[in-house]
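Please treat every number below as a calculation from the coordinates, not as lab data. Just so you know, these numbers come straight off a predicted model, no measurement behind them. Glycine gets a Cβ as well: all are built from the backbone with ideal geometry, and neighbour counts include every protein chain shown.
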Amino acid sequence: MNIIVPVKQVPDLVEELEINGEGTDLEREYLKYKMNEWDESALEEALQLKELHGGTVTVLTVATSDVDELLYTCVAKGADRAVKIVGDIEGHYDSHTAARALAGVIRELPYDLILTGVQAADDLDGQAGVLLASYLGIPHISVVSGIEIDSTKHVATVHQEYAGGVMAIFELDLPGLLGVQAARATPRYAPVSRVRQAMKTAHIEEIEATTHLGANISVQRMFKPESTEHAEMLEGDTEEVVERVVAILREYGIWRAS
């Protein structure tokens, strides 16, 4: 079974985020990046399926910045092939742009299954996988948390979670695309030593994008939420703090003396 996993590099939200002078994007010059966490789950699920059924796992990404370490990390975790899509890239790309670029490359690759993260931390729109499946003309199911493959029937049975703890079971004819909400296991860790070894031995392929990679969506304004209220920090000894808590509860009608 040949599995393709598109991955994306997103800003590390642990870092302090600043908006650029034009107010249209993050100030990206000094940002630190990491692999999108849902893509990590998609990669882990792909590696688990590879261990069960054999085959290969190919990771690919659209190169808007230095993504080599990201791809080497994927190889260190167990991916067999790493592909970087290069071309006319203009800054931060939207889901439509990514899907078109990925589809142009994936059409030329052998695959049975494509696993994407259900969404990315920097846009949260969850549309890249849906659009990619549409461009490729293959079936798609998103918000998947369990995947079983029947190699003889060439069918995937998947669990999709709904609100209120409701779980649905679907069958998907392969080739198809699944948006992974959670893998069956915690994404594996790649030690630094293994990543460095991958940097010495692995080869990252570069494939020219067959479509223009300029963004279809432009941001008109970006701003931090305006703060209207602040938390009250209670100070003093235990008795003073307790008295203030009781006063606050009475103020909001929660505490009533019996």
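Would you check the chain for Lys pairs whose C-alpha atoms are within less than 14 Å, ignoring same-chain pairs closer than 8 in sequence, and give me the count? Walk me through the numbers before you get to the answer.
On the way: K8/K32; K8/K34; K8/K84; K50/K77.
So the count of such lysine pairs works out to 4.
Using the Karplus equation 6.51 cos²θ - 1.76 cosθ + 1.60 (θ = phi - 60°), what ³J(HN,Hα) coupling, rounded to whole Hz, does each residue of segment 36-50 give in order, writing x for Gly and Pro?
3, 5, 6, 5, 4, 5, 4, 5, 4, 5, 4, 5, 5, 5, 4
Computed on alpha carbon atoms, what radius of gyration and Dmax characterise segment 1-82, expressed in Å?
Computed over the Cα atoms of segment 1-82, radius of gyration and Dmax are 15.1, 51 Å.
Could you work out the relative contact order of segment 2-208? I mean the mean sequence separation of Cα pairs under 8 Å and 6+ apart, divided by the number of residues, in percent.
On the way: 412 pairs, mean separation 54.1, N = 207.
That works out to 26 percent.
Roughly what angle does helix 68-77 make with the longest principal axis of the chain, taking Cα atoms, 0 to 90 degrees, to the nearest 10?
80 degrees
Expected output is a single nm value to one decimal: the length gained when fully extending between M222 and Q197, i.e. 0.36 nm times separation in residues minus the C-alpha distance. What is it? Walk me through the numbers before you get to the answer.
Numbers: separation 25, 0.36 × 25 = 9.00 nm, distance 4.05 nm.
In short, 5.0 nm is gained.
For the chain, state the average projected area of the convex hull of the C-alpha atoms over all orientations, rounded to one decimal in nm².
On the way: hull surface 81.3 nm².
Reported value for the Cα convex hull: 20.3 nm².
Using modelled amide H (1.01 Å from N, peptide plane; none on Pro or chain starts), what sits under 5 Å from the amide H of L60, excluding residues fewer than 5 places away?
V5, V7, V83
Arrange the following residues from fewest to most other Cβ atoms within 10 Å of their Cβ: M1, M233.
Details: M1 18, M233 5.
Neighbour counts put them in this order, fewest first: M233, M1.
Would you mind ranking I85, I207 so that the residue whose beta carbon has the fewest other beta carbons within 10 Å leads the list?
Values: I85 26, I207 17.
In order of increasing Cβ crowding within 10 Å: I207, I85.
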